[in-house]
1. Any idea which of Ala257, Ala188, Ala203 is crowded, with 20+ Cβ neighbours inside 10 Å, touching a Ser or Thr at 6+ places or on another chain (Cβ under 8 Å) and either in contact (Cβ under 8 Å) with a residue 12 or more places away in the chain or outside any loop (DSSP other than H, G, I, E, B) (or both)?
2. Just name the residue that is surrounded by the fewest Cβ atoms within 10 Å (Cβ to Cβ) out of those in the range 114-136 that are under 24 Å from Phe155 (Cα atoms) and in contact with a Lys or Arg (Cβ under 8 Å, 6 or more places away or on another chain).
3. Is it true that Phe155 is at pLDDT 95 or above, surrounded by 15 or more Cβ atoms within 10 Å (Cβ to Cβ) and aromatic (Phe, Trp, Tyr)?
4. With the checklist (1) under 18 Å from Val146 (Cα atoms); (2) in a loop (DSSP other than H, G, I, E, B) in hand, flag the one item Lys223 doesn't pass.
5. Of all residues being part of a loop (DSSP other than H, G, I, E, B) and without any contact (Cβ under 8 Å) to a residue 12 or more places away in the chain in the range 17-61, which is surrounded by the fewest Cβ atoms within 10 Å (Cβ to Cβ)? Just the residue, please.
6. Residue check: is Leu209 outside any strand (DSSP E or B), touching a His at 6+ places or on another chain (Cβ under 9 Å) and crowded, with 19+ Cβ neighbours inside 10 Å?
7. From the residues in the range 226-247 that are buried (at least 19 other Cβ atoms within 10 Å of the Cβ) and among the β-branched types (Val, Ile, Thr), which one is farthest from Ser262 (Cα to Cα)?
8. Of Tyr127, Tyr144, which residue is touching a Ser or Thr at 6+ places or on another chain (Cβ under 7 Å) and among the aromatic types (Phe, Trp, Tyr)?
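The values are calculated or read from the model by the stated rules, or taken from the named source; none is laboratory data. Source: prediction; values computed, not measured. Cβ coordinates were reconstructed from backbone atoms using ideal geometry, including for glycine residues, and neighbour counts include every protein chain displayed.
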Amino acid sequence: MGWRKRPSVGGVLELRVLGGDGGVAPGYQTTSFLINQSILIDAGSAASALDLEEQKKIDAIFISHSHLDHVKDICFLADNVFASRRTPIELISKPEILEILQTHLFNNKLWPDFSKISNGHCPIIRYRPVEDSVRIGPVEVSVYPVHHPVPAIGFIVRQGDSSIVITGDTGPTEILWEAANKEPNLKAVLTEIAFPNEFQKVANAAGHLTPQMFQLEMQKLKKAVPLLIYHLKPEYIKELKLEIKALEIPKLKLLEAKQTFSF
């Protein structure tokens, strides 16, 4: 399912939606995208969506921000792969985001500090601060600040002659769109909508988008590429789908768990 293309010199960028919902309820999975079987963008549902053998293939997790719906499954993934790791899983983000995780999550109070616990070969996780870009094999990931109540970043993921934007959680923002407009081979934008239009004040305070805010935000994007929407809150799902449909924006698609895309 998704866009297919002939392999480029740098290979095809494969993306699998593990979860893209804005809350937890039966049938809903919070944000996590799998890149090329070994890289995660956020980990809200990584352990619950991947089987144990798939979890063992994860080598890097890029973290958009510290909220639980984007990081909670790092805890369970680290526990599941403890015995099998020969190198640490890298947790990659801005220093201030990693500091929050170290202080408030992997602190031996809420969860064991897997950066200090070794299986005899290596610690299970390693923090890797990033200020601009990181390359992992053929994949390059650049990070850009976005608007959210806690320190937060969006991503441009590149491989071969393709790139995609993944905004993470954000309200109206600027720097990420400026960078996206400079991408010569942009293939898609994955971005959020969380609240119905009637909750615009709440969305503003929470650093999220409504359909109307999303429509205004897309005026900043000068590329006519597919728009893949996630983070709809389960409580408002019917209303949100109607409001998004009413926008009549071409090339717009709502993401669902288990979808796969090739760029």
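1. On the way: Ala257 fails: crowded, with 20+ Cβ neighbours inside 10 Å; Ala188 fails: touching a Ser or Thr at 6+ places or on another chain (Cβ under 8 Å).
Step by step, each of Ala257, Ala188, Ala203 is checked, and only Ala203 is crowded, with 20+ Cβ neighbours inside 10 Å, touching a Ser or Thr at 6+ places or on another chain (Cβ under 8 Å) and either in contact (Cβ under 8 Å) with a residue 12 or more places away in the chain or outside any loop (DSSP other than H, G, I, E, B) (or both).
2. So the first thing to find is which residues in the range 114-136 are under 24 Å from Phe155 (Cα atoms), and the list is 125-136.
Then drop every residue that is not in contact with a Lys or Arg (Cβ under 8 Å, 6 or more places away or on another chain), which leaves 129-131, 134.
Working: Pro129: 14, Val130: 18, Glu131: 8, Val134: 18.
Step by step, filter the range 114-136, then rank; the result is Glu131.
3. Numbers: at pLDDT 95 or above: yes; surrounded by 15 or more Cβ atoms within 10 Å (Cβ to Cβ): yes; aromatic (Phe, Trp, Tyr): yes.
Considered against the rule, which asks whether it is at pLDDT 95 or above, surrounded by 15 or more Cβ atoms within 10 Å (Cβ to Cβ) and aromatic (Phe, Trp, Tyr), Phe155 comes out as yes.
4. If we test Lys223 against (1) under 18 Å from Val146 (Cα atoms); (2) in a loop (DSSP other than H, G, I, E, B), just (1) comes out false.
5. First, pick out the residues of the range 17-61 that are part of a loop (DSSP other than H, G, I, E, B): 20, 22-29, 31, 36-38, 42-45, 50-51, 56-59.
Adding the requirement that they be without any contact (Cβ under 8 Å) to a residue 12 or more places away in the chain leaves 26-27, 51.
Numbers: Pro26: 5, Gly27: 7, Asp51: 9.
Here the answer is Pro26.
6. Numbers: outside any strand (DSSP E or B): yes; touching a His at 6+ places or on another chain (Cβ under 9 Å): yes; crowded, with 19+ Cβ neighbours inside 10 Å: yes.
In short, yes.
7. Ile244
8. Values: Tyr144 fails: touching a Ser or Thr at 6+ places or on another chain (Cβ under 7 Å).
Tyr127 is the lone residue from the list that is touching a Ser or Thr at 6+ places or on another chain (Cβ under 7 Å) and among the aromatic types (Phe, Trp, Tyr).
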